[in-house]
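Working notes, beginning with the structure itself.
The values are calculated or read from the model by the stated rules, or taken from the named source; none is laboratory data. Keep in mind that what you see is a predicted model, and the values were worked out from it rather than measured. We place every Cβ from the backbone using ideal geometry, glycine too, and count neighbours over all the protein chains shown. Only protein heavy atoms, including side chains, enter the accessible area calculation; ligands, DNA and RNA are left aside. Shrake-Rupley method; radii C 1.70, N 1.55, O 1.52, S 1.80 Å.
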Amino acid sequence: MIANEKCQKSSEVVDNCKVEKSVAIDDTMLLILRKKRRAFYQHTCLLSVMAAFTIGLAIGIFFLPLIGLTSASSKSTDENNHNVVITAAQHNPLKHTKLHKYDFNKLQNRNQIDFIENNNNIKNPAIYSSVSFISDDNSVDDEKYSGGLETATNEFILNNNGKVNNNDYAIAGVTVNVDDEISHAVIEENSSSSNSNKNMNIEIQSHEQQENSYEKENNETLRRIIDDDIYWGQMIENRIPNGFAKRDTEDWQNYLHNNVTEIIKIEQGCGRMQNRLVTFSDGVKACVRYRQNTDQIQGELFSFFLGRMLNITNLVPSAAAVIDWESRLWTQVKQHITESQWKTSRPVVFTKWIPDLEPSGIPEQFRPLERHMNKNDIWNITLSDGGKPSQILIERLKSKYNVNNDDGSDYRRKLMRKKKITLNDKIYDKLIELAQWSDLIIFDYLIANLDRVVNNLYNYQWNADIMAAPAHNLAKQINSQLLVFLDNESGLLHGYRLLKKYEAYHSLLLDDLCIFRKSTIDALKYIRDNNAGELLNELFEHTTTSEVRDVLPPLPEKSIKILTDRIDHVLQQVQKCQDMYSNR
């Protein structure tokens, strides 16, 4: 029995040992699991904190400034609690707070300080990073600040008198003592903010008044430059050089026909091979145009007549004569006439010699890709100091393709408010040149002149630089900026025969021209209403001698009909421009 009891005891000990050993193993495993779980929780918390920090940072940097959430929150707080919350997101760059009285060495967590005071007028200072101003009543609810804020922030509680409460407030375990200097700085900020508001309002009003004044003066200046949306105004008309008046033409015709002068010298010059530069006994000079075909002499003479009827003063005085060895005009140069291979009894045109001429180029408004001139182009010139139109590419593309019917007027209107137009000599010279080109385009279209701009346009397909070269048969008088329209012999006859080939080039400039000289258009309407052919032939009868009329026929009926059609086309273009730009 004793042995059996020992065996039993021995068995119990073994079982106990096994149980204790098993319990120890379980405790160890549980401890390991708890450590792993704790480590997992720690990592999870760390990742959560990092994620929350990242999301908060992203919201603070990108999201809040975009939607103005801080402003909305401030407004809601002000309406419900009569509090004003101003954060760094509401920073006004026009105002800067001076906080030289603050002793920031006394403060902890300077980037997260909340100022609590009762003045609703305080504005956001530029120096506060994430500072909030919270207005409250005289007493502060301790419960509100005893754990209601989850972020570690320091709060300074000010009463209505601007003084700091004597109590120390512990927020998230941080205790801060406040000096009275803070209240003085805040009061100073309130005062400076109020003054800044007044000064800023005065400044804004003054700026608006200045802009309104600029716009009013600029509009008045532009109305003096462009009249009725499509005509050159008196400011430009008064500055266009006088050119050659009707009296100059009459004096030149009398000078040739009174038989009191004679040619003493003939020499090469004046363009074509058979043209000659002649000198009279009194020193006066002239270019003499000689052609085998009389239609070119007709073209030169009748083109001049048409220009005079249109009041275009850019045409040099011209008159027709007949080569006659027996007349006093030619007696001294018979040998020179033979050397020039001129034949007797041939009509010629005498054009007065004009010294001090220089070549003249084509304005960029009429070159390919920028070929147009209207009141908007003139406005752009005046608003950009005479340079190229100051429009960004998108504005120019909108204007070209009429995107949303935007012709750049909004852009010009804004520019007119920001800047006062100052018309200097450079701008005046540019506008004066363009005004004369208005007449040149109409004149060359009416007579179908091949030897000026059409010559450049036609050759552009082979030479892209030709539009930057001087225009053919166009000169500028150096001392007056007067454009001189030379050599119009292809007009009205020879040019009309070649319309099928060149009409596209003739129309190219006219169809993009929308600003004219009113005197020219008025004269054109008169010519249309009173039969252009009759007026030209009547002028031919009254200004030439019988000897000229014997060898030079009047303008053919076919040419008169074509001219009438082209006059109608020009007037239609004027009406189209009126419809396009009126009141725009």
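Beta carbons closer than 9 Å, at least 6 apart along the sequence or on distinct chains, pair a first residue in the stretch 252-279 that is in contact (Cβ under 8 Å) with a residue 24 or more places away in the chain with a second that is among the aliphatic types (A, V, I, L, M) and open to solvent by 40 Å² or more (accessible area, probe 1.4 Å) for 255/284; 261/284; 271/486; 278/264. Evaluation of residue 520 against the conditions (1) open to solvent by 10 Å² or more (accessible area, probe 1.4 Å); (2) under 38 Å from the mean Cα position of the chain (by Cα); (3) closer than 17 Å to residue 305 by Cα shows that the sole unmet condition is (1). Quickly run through the stretch 539-563 and pick out the residues that are loosely packed, with under 15 Cβ neighbours inside 10 Å and within 18 Å of residue 447 (Cα to Cα). Of everything in the stretch 539-563, those that are loosely packed, with under 15 Cβ neighbours inside 10 Å and within 18 Å of residue 447 (Cα to Cα) turn out to be 553, 557, 558, 561. If you go through the stretch 431-486 and pick out every residue that is out of contact with any Leu (no Cβ under 8 Å at 6 or more places or on another chain), among the hydrophobic types (A, V, I, L, M, F, W, C) and part of a strand (DSSP E or B), you end up with 1. Scanning the stretch 317-351 for residues that are within 26 Å of residue 434 (Cβ to Cβ) and open to solvent by 10 Å² or more (accessible area, probe 1.4 Å) yields a count of 1. Within the stretch 344-356, the set of residues being touching a helix residue (DSSP H, G or I) at 6+ places or on another chain (Cβ under 9 Å) and not in a strand (DSSP E or B) comprises 344, 345, 346.
Put simply, of 360, 345, 281, 340 the only residue that is at positive phi and among the hydroxyl-bearing types (Ser, Thr, Tyr) is 345. Pairing residues of the stretch 417-433 that are of a type in the set (A, V, I, L, M, F, W, C) with residues that are at pLDDT 90 or above and open to solvent by 40 Å² or more (accessible area, probe 1.4 Å), at Cβ distances under 7 Å and at least 6 apart in sequence or on separate chains, gives 432/239; 432/481.
Which of the residues belonging to the stretch 447-476 are among the acidic types (Asp, Glu) and either open to solvent by less than 10 Å² (accessible area, probe 1.4 Å) or under 28 Å from residue 532 (Cβ atoms) (or both)? 451, the sole residue that qualifies.
Listed by position, the helices (runs of 4 or more DSSP H) contained in the stretch 164-279 that have at least 3 residues being modelled with pLDDT of 75 or more and within 30 Å of residue 572 (Cα to Cα) are 181-225, 234-237. Considering each of 535, 492, 508, 499 in turn, give the residue that is more than 15 Å from residue 360 (Cβ to Cβ), aliphatic (A, V, I, L, M) and buried (at least 23 other Cβ atoms within 10 Å of the Cβ). That would be 492, the only listed residue that is more than 15 Å from residue 360 (Cβ to Cβ), aliphatic (A, V, I, L, M) and buried (at least 23 other Cβ atoms within 10 Å of the Cβ).
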